[in-house]
1. Could you work out how far the C-alpha centroid of region 65-83 sits from that of region 1-48, in angstrom?
2. Give the residue list of GluC sites (Glu not before Pro) in region 13-55 that are DSSP loop and have at most 13 other beta-carbon atoms within 10 angstrom.
3. Work out from phi, with θ = phi - 60° and the Karplus expression 6.51 cos²θ - 1.76 cosθ + 1.60, the ³J(HN,Hα) of each residue of region 14-21, listed in order in whole Hz, and give x for Gly and Pro.
4. At 7 Å along the Cα-to-beta-carbon direction for both S63 and N32, put a label point, then send me their distance in nm to one decimal.
5. What's the local net charge at G117, with K and R +1, D and E -1, over the other residues with C-beta under 15 Å away?
6. Taking H as built 1.01 Å from N, whose amide H comes closer than 5 Å to the amide H of T28, not counting residues under 5 places away?
7. Hey, can you grab everything whose amide H is under 5 Å from the amide H of R72? Only 5+ residues off in sequence or another chain; H modelled, so Pro and N-termini drop out.
8. How much accessible area per residue does region 1-107 have, counting only protein heavy atoms and a probe of 1.4 Å, in square angstrom?
Amino acid sequence: QVQLVESGGGLVQTGDSLRLSCAASERTSSTNYMGWFRQALGKEREFVAVINYSGGIVSYADSVKGRFTISRDNAKNTVYLQMNSLKPEDTAVYYCAAKTVAGPLSSPKSYDYWGQGTQVTVSS
């Protein structure tokens, strides 16, 4: 069973940057597609970005396109989310996940392994 551990969250101001990391315990077929999701207080978990093993397939939510960049270092079994030009509406708990179930890349239901989450708070 793959274990995922996120890090890098924190409290920043509008316009600042943060880089989140997600370390996987091992490389398996489950980690071919790795995604980032976020959940704000009182809201449903929403898709942020996803990347495949080679990095040749990436996708972003419209709300973060042009500001966030997903990448991965397969030698380290680690996925990153570089977040620039942060806004207060980016405030949420950010989760990384490994896609194991057939289904849309943007649907949380397609992901079976989840990290514990890391809090990102953007003050205005």
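1. 9 Å
2. On the way: sites: E26, E44, E46; in loops: E26, E44.
Passing sites in region 13-55 are E26, E44.
3. 3, x, 6, 10, 9, 10, 8, 10
4. Output for this residue pair reads 2.9 nm.
5. -1
6. Residues meeting the criterion, in which the H sits 1.01 Å from N, do not exist here.
7. Here the answer is Y80, since their amide H atoms fall under 5 Å of that of R72.
8. Here the residues of region 1-107 average 50 Å² of exposed surface.
The values are calculated or read from the model by the stated rules, or taken from the named source; none is laboratory data. Treat the numbers as computed from the prediction; the structure is a model and nothing was measured. Reconstructed Cβ throughout: ideal geometry from the backbone, glycine too, with neighbour counts over all protein chains shown. Protein only, heavy atoms only, side chains kept; ligands, DNA and RNA dropped before computing areas. Shrake-Rupley method; radii C 1.70, N 1.55, O 1.52, S 1.80 Å.
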